[in-house]
Amino acid sequence: MTDRKIDCWLTDMDGVLVHENKALPGAAELIDHWRETKTRFLVLTNNSIFTPRDLSARLARSGIEVPEDKLWTSALATAAFLKDQVPGGSAHVIGEAGLTTAIHEAGFVMTDVSPDFVILGETRTYSFEAITKAIRLINDGARFIATNPDVTGPSAEGVLPATGAVAALITAATKREPYYVGKPNPMMFRSAMNKLGAHSERTGMIGDRMDTDVVAGIETGLHTVLVLSGIASREDVDRYPFRPHQILDSVADLLDGD
C-alpha cells in the first residue's frame with residue numbers, strides 16, 4: 001500500500017465507479033465504507049453537463065449512494081476558480097445546467113454584453129450562432145475559460161465531439177487559447193481538497209487514466225491509484241515517464257486491502 005496515512009480520497013467517476021451507467025466491482029461497497037467510517041472523499045468528473053443533484057441520482061440508479069455534496073465537477077471547479085479571480089464578475093456561458101447553475105451560485109452575472117469571461121463547457125446543443133457569439137466576445141476582450149480539455153466523449157453510438165474540440169474551433173478563429181480548469185490541471189484537485197479541508201500528503205486519487213487522473217495527482221502531490229476497470233491497461237503504463245503509486249484491477253482491490 002503506502003507508508004503515508006491516507007485519510008482523504010478523491011476518485012474519478014467514469015471507469016472507476018461506473019461504466020455505461022452500471023456499477024463497477026467494489027464501487028458501491030467502497031463508497032459505503034467511506035461513508036460508514038466518516039472518511040472524507042469527493043467523486044470527481046470532468047463532465048460539466050450535470051449538477052451534483054443530477055449525478056447523485058444517476059449514481060443511485062446504478063446502486064451507488066453518493067450524496068450530492070460529495071460530487072465535484074469541472075463546472076464547480078471552474079466556478080470556484082472564477083469566484084476567486086473576479087468576485088461578482090460577469091460571464092457569457094455556453095453549457096448545460098451543471099455549468100450555468102455553478103456559475104450563477106458563484107455570484108456571477110450571466111450576460112452577452114461585454115462579459116469578463118467567455119466560459120465554454122460540455123453541451124449537446126452547440127450552435128453556429130453560439131460559437132460565433134463566443135468568438136466575437138473573445139475578440140472584443142473577454143477572457144476565454146473552458147471547463148475541461150477532453151476532445152471527445154462516449155455515447156452508445158460512438159464518440160462525440162467534446163469541450164476541447166469546440167474550444168479548438170474557437171481558438172482557431174480568435175488565436176486565443178482557453179484556460180482549462182478541469183483535469184489534468186491540478187487546479188481541479190486543489191479546489192476539491194479545499195472543499196474537503198484536506199492536505200495533499202494525506203490524500204489519495206483514484207483514476208483510470210494516466211494522462212489525466214494520474215499525472216494531475218502526481219503534480220498535486222497525492223498518493224495515486226490507477227485502476228484497470230476503465231481506459232488504461234497495464235501495457236499503457238509503460239508508455240509514460242511517470243508511474244502511479246498503485247495499480248489495481250478495480251476499486252474492489254482497494255477495499256480488500258483497506
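The values are calculated or read from the model by the stated rules, or taken from the named source; none is laboratory data. Everything numeric here is computed off the predicted structure, so don't read it as measured data. Cβ sites come from the backbone with ideal geometry, for glycine too, and all protein chains shown count toward neighbours.
Of the residues that sit in region 1-36 and are in contact with a Ser or Thr (Cβ under 7 Å, 6 or more places away or on another chain) and without any contact (Cβ under 8 Å) to a residue 60 or more places away in the chain, which one is farthest from Gly153 (Cα to Cα)?
Across region 1-36, the extreme among qualifying residues is Ala23.
Here is a check on your reading of the model: is Ile145 assigned to a strand (DSSP E or B), over 19 Å from Pro115 (Cα atoms) and within 15 Å of the chain's Cα centre (by Cα)? Spell out the reasoning first.
Numbers: assigned to a strand (DSSP E or B): yes; over 19 Å from Pro115 (Cα atoms): no; within 15 Å of the chain's Cα centre (by Cα): yes.
No.
Mind telling me which of the residues Arg53, Arg35, Arg4 ends up being modelled with pLDDT of 95 or more, more than 16 Å from the chain's Cα centre (by Cα) and of a type outside the set (Gly, Ala, Ser)?
Result of the check over Arg53, Arg35, Arg4: Arg35.
Within the group Leu76, Leu42, which residue is under 16 Å from Met193 (Cα atoms) and assigned to a helix (DSSP H, G or I)?
It is Leu76.
Does region 13-20 contain any residue that is closer than 17 Å to Lys195 by Cβ, more than 14 Å from the chain's Cα centre (by Cα) and buried (at least 19 other Cβ atoms within 10 Å of the Cβ)?
no
Please work out which one of (1) part of a loop (DSSP other than H, G, I, E, B); (2) closer than 18 Å to Ala198 by Cβ; (3) of a type in the set (Ser, Thr, Tyr) is the condition Ser114 fails and give its number.
Among (1) part of a loop (DSSP other than H, G, I, E, B); (2) closer than 18 Å to Ala198 by Cβ; (3) of a type in the set (Ser, Thr, Tyr), Ser114 violates only (2).
Among (1) farther than 26 Å from Ile49 by Cβ; (2) in a helix (DSSP H, G or I), which single condition is Ile247 missing?
(2)
Being in the same structural domain as Val86 (by TED's automatic domain parsing), closer than 13 Å to Asn47 by Cα and β-branched (Val, Ile, Thr) narrows it down to one of Thr132, Thr125, Thr111, Thr152, so name that one.
The match here is Thr152.
Consider region 157-186. How many of its residues are of a type outside the set (Lys, Arg), free of Cβ contacts under 8 Å to residues at least 40 places away in the same chain and either part of a loop (DSSP other than H, G, I, E, B) or farther than 20 Å from Ser127 by Cβ (or both)?
9
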